[in-house]
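Colleague: Sharing a structure, written as structure tokens. Questions coming.
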Amino acid sequence: MTNLLRSWYDRLRGAGDHAITLPPMDGALRPNHAIDEAPEVLAWPAPDNIVAAAKDFWFSSGPDLLRASPGKKGAEVVASHETPVSALAHHGGTLAVGLAGGSVHLLGEPHDGKRFTAAGGAALNCPVALTFRDADTLLIGNGSAAHGPGEWRRDLLTRSATGTLWQLDLRSGKAETIATGLAWPRGIASVEGGGLLVSEAWRARLSLLRLGKAPEPVLADLPAYPGGIVAAPGGGYWLALFAPRRRLTELVMRESAFRERMMAEVEPEYWISPSLRPMESYYEPLQGGTLKKLAMLKPWAPSRSYGLVVRLGPDFSPLASFHSRADGTRHGISTCAVADGRLLLAATGGDAIVALDTGE
């Protein structure tokens, strides 16, 4: 009853979960043009789900799984699937591939050819995050019980929080539930002491998970939706944030009648919602000041898309950030990987993989 009263009071005042105020990008998150100025490693349509393997790296593009090297031109298509690749993870000689069709495949020994479509009796309909805990244990972030990976906008706008984190024994196939009720768990990383760091995109936060304990938010109220997390060589983590939060989107999420009609009558790419690509069509909704002046888009305009990766310390606090602003093109960075001493970023909205020399 206390929670119901608090929710009613917050809604009356426009506070708490009913507020539409957003944190500014300031301090360690102060905007710059570092990602747009970074050298391009590879030009490829809509790259995503990048993972490092020795000096090579793997990534996906739609249904294709590809392998490339920072020192070579082009990429090799290793496999093509019937549905888009929604997640990747690598450990030793094994690659785990999550598919939007509702399955996880294993390539390479010692688990080559294994395929999982369920965990603990629940369908893996939305595998959006994969991480190996060790050679025989795979962590799976199932983003939503109601929507597939390609329906991420709908999952956000319906305020869904039906994601699940599973720990899967690759030898026996036995799965253990680590957490439920997650709001699109897009990134997973191991932390010292056996815990897990999970990004909940729709709650705009990072949470620390430990068996038998409730999720503990360690970095909350981010100005963008968090995605993949990877360990940094010098300690701490790299966090990709794939789209910016905007007040207009927050407002629409609270106006049920308008939102439901919009989703029923308008194509998803034109919804008032985040995007992975810069504005390309005049059919797109104007986001306040996202207007061109003298044929130039203002870098500080509230764009629906953005490029952002943040360096976190061992205590999960932001230390530095790298940006592609509203007037940039390298937007929609859902994942990143450390390879050959550089940080590789898959800019889905910029059709490119770029490398940042972070000095580590």
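Colleague: Select from the range 279-322 the residues that are of a type in the set (D, E, K, R), modelled with pLDDT of 80 or more and under 23 Å from the mean Cα position of the chain (by Cα) and write down the one among them that is nearest to residue 251 (Cα to Cα). I'd like the intermediate steps shown before the answer.
Modeller: Step one: list which residues in the range 279-322 are of a type in the set (D, E, K, R), which gives 280, 284, 292-293, 298, 304, 311, 315.
With the extra rule that they be modelled with pLDDT of 80 or more, the set shrinks to 298, 304, 311, 315.
After this cut, where a residue has to be under 23 Å from the mean Cα position of the chain (by Cα) as well, the list is 304, 311, 315.
Working: 304: 14, 311: 30, 315: 32 Å.
For the range 279-322, the residue satisfying everything is 304.
Colleague: Check whether at least one residue in the range 7-17 is exposed (fewer than 15 other Cβ atoms within 10 Å of the Cβ), over 19 Å from the mean Cα position of the chain (by Cα) and aromatic (Phe, Trp, Tyr), and report yes or no.
Modeller: The answer is yes, given that some residue of the range 7-17 is exposed (fewer than 15 other Cβ atoms within 10 Å of the Cβ), over 19 Å from the mean Cα position of the chain (by Cα) and aromatic (Phe, Trp, Tyr).
Colleague: With the condition kept exactly as written, say whether any residue in the range 210-219 is under 25 Å from residue 356 (Cα atoms) and surrounded by fewer than 16 Cβ atoms within 10 Å (Cβ to Cβ).
Modeller: First, pick out the residues of the range 210-219 that are under 25 Å from residue 356 (Cα atoms): 219.
Right, trim to surrounded by fewer than 16 Cβ atoms within 10 Å (Cβ to Cβ) and you get none.
Checked the range 210-219: no residue is under 25 Å from residue 356 (Cα atoms) and surrounded by fewer than 16 Cβ atoms within 10 Å (Cβ to Cβ).
Colleague: Could you check, for the range 333-356, whether at least one of its residues is over 16 Å from residue 42 (Cβ atoms) and open to solvent by less than 10 Å² (accessible area, probe 1.4 Å)?
Modeller: Yes, that holds for at least one residue.
Colleague: Between a residue in the range 333-360 that is farther than 15 Å from residue 239 by Cβ and any residue that is of a type in the set (Asp, Glu), which pairs come within a Cβ distance under 7 Å, given they are 6 or more apart or on different chains?
Modeller: Partner pairs satisfying both residue conditions: 342/357; 348/48; 352/40; 354/40.
Colleague: Something else now. Among the candidates 199, 207, 275, which residue alone is closer than 30 Å to residue 337 by Cβ, in a loop (DSSP other than H, G, I, E, B) and open to solvent by less than 20 Å² (accessible area, probe 1.4 Å)?
Modeller: The conditions single out 275.
Colleague: For the range 310-320, what are the residues that are open to solvent by 10 Å² or more (accessible area, probe 1.4 Å) and out of contact with any Ser or Thr (no Cβ under 9 Å at 6 or more places or on another chain)? Step through it out loud before you land on a result.
Modeller: Restricting attention to the range 310-320, the residues satisfying the condition of being open to solvent by 10 Å² or more (accessible area, probe 1.4 Å) are 311, 314-320.
Matches in the range 310-320: 314, 315, 316, 317, 318, 319.
Colleague: Can you tell me which residue within the range 99-118, out of those that are part of a strand (DSSP E or B), of a type in the set (A, V, I, L, M) and within 19 Å of the chain's Cα centre (by Cα), is farthest from residue 60 (Cα to Cα)?
Modeller: Among them, the one singled out is 104.
Colleague: Please count how many residues of the range 180-196 are modelled with pLDDT of 95 or more, farther than 19 Å from residue 151 by Cβ and not in a strand (DSSP E or B).
Modeller: Matching residues across the range 180-196 total 0.
Colleague: Which of the residues belonging to the range 230-271 are in contact with a Pro (Cβ under 7 Å, 6 or more places away or on another chain) and either closer than 26 Å to residue 36 by Cβ or part of a strand (DSSP E or B) (or both)?
Modeller: 236, 239, 241, 243, 244, 245, 246, 249, 270
Colleague: Return a yes/no flag: does the range 82-91 have any residue that is of a type in the set (Val, Ile, Thr), within 20 Å of residue 172 (Cβ to Cβ) and in contact with a Gly (Cβ under 7 Å, 6 or more places away or on another chain).
Modeller: Within the range 82-91, not a single residue is of a type in the set (Val, Ile, Thr), within 20 Å of residue 172 (Cβ to Cβ) and in contact with a Gly (Cβ under 7 Å, 6 or more places away or on another chain).
Colleague: Within the range 136-181, count every residue that is of a type in the set (A, V, I, L, M), open to solvent by less than 20 Å² (accessible area, probe 1.4 Å) and out of contact with any strand residue (DSSP E or B) (no Cβ under 7 Å at 6 or more places or on another chain).
Modeller: Adding up the residues that qualify gives 2.
Colleague: Residue by residue through the range 25-52, note down the ones that are open to solvent by 30 Å² or more (accessible area, probe 1.4 Å), part of a helix (DSSP H, G or I) and closer than 13 Å to residue 346 by Cα.
Modeller: Once the filter is applied, which keeps residues that are open to solvent by 30 Å² or more (accessible area, probe 1.4 Å), part of a helix (DSSP H, G or I) and closer than 13 Å to residue 346 by Cα, the range 25-52 yields only 36.
Colleague: It is to be established whether one or more residues within the range 290-309 are open to solvent by 20 Å² or more (accessible area, probe 1.4 Å), closer than 29 Å to residue 179 by Cα, in a loop (DSSP other than H, G, I, E, B) and hydrophobic (A, V, I, L, M, F, W, C).
Modeller: No: the range 290-309 contains no residue that is open to solvent by 20 Å² or more (accessible area, probe 1.4 Å), closer than 29 Å to residue 179 by Cα, in a loop (DSSP other than H, G, I, E, B) and hydrophobic (A, V, I, L, M, F, W, C).
Colleague: Please go through the range 87-98 and pick out each residue that is open to solvent by 10 Å² or more (accessible area, probe 1.4 Å) and either among the charged types (D, E, K, R) or in a strand (DSSP E or B) (or both).
Modeller: 88, 90, 91
The values are calculated or read from the model by the stated rules, or taken from the named source; none is laboratory data. If you're wondering where the values come from, they're calculated on a predicted model, not measured in any experiment. All Cβ positions, even for glycine, are placed from backbone atoms using ideal geometry, and neighbour counts span all protein chains on display. Ligands, DNA and RNA are stripped out before the accessible areas are found, and what is left, the full protein with its side chains, is counted by its heavy atoms. Shrake-Rupley method; radii C 1.70, N 1.55, O 1.52, S 1.80 Å.
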